[in-house]
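So the structure is just underneath, and the comments pick up after that.
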Amino acid sequence: MHITGFPPPTPASTSSAACTDLTQARLKRQPDIQLPGGMCEIEDLAVVSPDMLLVANSRKLCVQLLDCLKGEVVSEVHLQEWPYSMSLTDKNTAAVRVGGGQIQMIKVKDKTLTKGRELTVSGNICGLTSSRNSLVVAYNSQPWLEVVSIDGKVLHQFDKSGTSQHFNYPASMCTTPRGSVFISDHGTHTITKVDAQLNLLQTFTSPLLQTPYGITAVTEDRILVCSNCNHSLVLLQPSTNTMSTLLGKDDGIEDPFSVTYCPDQKKIFIASYHTDTIKVYHMS
């Protein structure tokens, strides 16, 4: 998506987010979506349109376009290596991490997926997101984070010296409507916020975060995080420095790995690793 209106940088800070009851959001369980054909390991999800999801399926080495209403895969592209993190750069293009240092661009047109160009980046990719028609890429070692143009040019780096110990394994990333980037790190059990130039703004910790993976922005101040080992979906509200559990094991959440949000229908889509089922909730 096209992102505008970046917030001004603020001094970096580290905070322990308080655990508080959530009063601003209500979730209603919708029917699950089961991918047809079995043989599925969902690595990531992305909303293409109100009724269409992109699914990174590592078991089949492909990215699939899923019709949520019909529960049908209407198109898929096969890859040389398993897909992991995925992000839309615009409404017709997705960037998908394939292999260690490769990003495969995939075009979405008329309910059909086709391969675009392939980019080679600096290191072993853990996660990626898009911002202002560029890609923000997370690695498992220095420089940890880079902003990369669509043609592969490095625009910004988080850690040029290689001395930072801030990250351990930045597993997933998302971009807010104003352009801030949030990174979940399942090695440090933290969420980190940076600006568009990768300046460190805040780091959030909480007992509610145990091995965080998938992360998505509902609004500037509503960030959803998969707390994998806690079997829960957590809501981070940066402005008040609070985290709350939205969904847990009693709600059918187990080993959540990826999450995405559809603003048009106010729906949350959650997938666990090694599963062919996507759980759906309506948020109000």
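The values are calculated or read from the model by the stated rules, or taken from the named source; none is laboratory data. What you see is a predicted model; the values in this text were computed from it and never measured. With ideal geometry, Cβ positions are generated from the backbone for all residues, glycine too; neighbour counts draw on all protein chains shown. SASA here: full protein model, heavy atoms, side chains in, ligands and nucleic acids out. Shrake-Rupley method; radii C 1.70, N 1.55, O 1.52, S 1.80 Å.
Using 0.36 nm per residue, how much length does the chain from Lys70 to Thr240 gain when fully extended, once their Cα-Cα distance is taken away? Don't jump to the answer; show the numbers that get you there.
Values: separation 170, 0.36 × 170 = 61.20 nm, distance 3.99 nm.
Using 0.36 nm per residue and subtracting the Cα-Cα distance, I get 57.2 nm.
Would you mind classifying the chain by shape? Square roots of the alpha carbon gyration tensor eigenvalues, ordered a ≥ b ≥ c; an a/c under 1.5 is rounded, otherwise it is prolate if a/b is larger than b/c and oblate if not.
Values: a/c = 1.56, a/b = 1.08, b/c = 1.45.
Because a/c hits 1.5 or more and a/b fails to exceed b/c, the chain counts as oblate.
I need the shape label for segment 212-271. Rule: rounded when a/c is under 1.5, else prolate if a/b > b/c, else oblate, with a, b, c from the alpha carbon gyration tensor. Oblate, because a/c is 1.5 or more while a/b does not exceed b/c. In segment 132-206, what trypsin sites (Lys or Arg not before Pro) fall in a loop by DSSP, with at most 12 other Cβ atoms inside 10 Å? Answer in residue order: Lys153, Lys160.
Using the heavy atoms of the protein chains and a 1.4 angstrom probe, tell me the accessible area per residue for the chain in square angstrom. Spell out each step's value before the answer.
Details: 11940 Å² over 284 residues.
About 42 Å² of surface per residue is accessible.
Under 5 Å between amide hydrogens, built in the peptide plane, is the criterion, and for Gln210 it picks out Asn228, Cys229, Asn230 among residues at least 5 positions away or on other chains.
Put a dot 7 Å past the Cα of Lys28, heading toward its Cβ, do the same for Lys249, and the two dots end up 2.9 nm apart. Relative contact order, whole percent, for the chain stands at 19, derived from Cα pairs under 8 Å and 6 or more residues apart. In this view, the solvent-accessible surface of Ile150, computed with a 1.4 Å probe and all protein chains in place, comes to about 60 Å².
Assign one of three labels to segment 158-284, namely rounded, prolate or oblate, based on the Cα gyration tensor with a ≥ b ≥ c the square roots of its eigenvalues; rounded applies when a/c is under 1.5, prolate when it is not and a/b is larger than b/c, and oblate otherwise.
On the way: a/c = 1.87, a/b = 1.43, b/c = 1.30.
Cα axes put segment 158-284 in the prolate bin.
Explain nothing, just the number: dipole magnitude of the chain about its Cα centre with +1 on each Lys and Arg Cβ and -1 on each Asp and Glu Cβ, in debye rounded to the nearest 20. Display every interim value, and only then the final one.
Working: 23 positive and 26 negative charges, 92 e Å.
Magnitude of the dipole: close to 440 debye.
A probe of 1.4 angstrom, applied to the heavy atoms of all protein chains, finds Lys111 with accessible area near 120 square angstrom.
The GluC sites (Glu not before Pro) found in segment 77-171 that occupy coil by DSSP, while having at most 16 further C-beta atoms within 10 Å, are Glu81. Heavy-atom surface analysis with a 1.4 Å probe gives the chain a carbon and sulfur content of 46 percent of its accessible area.
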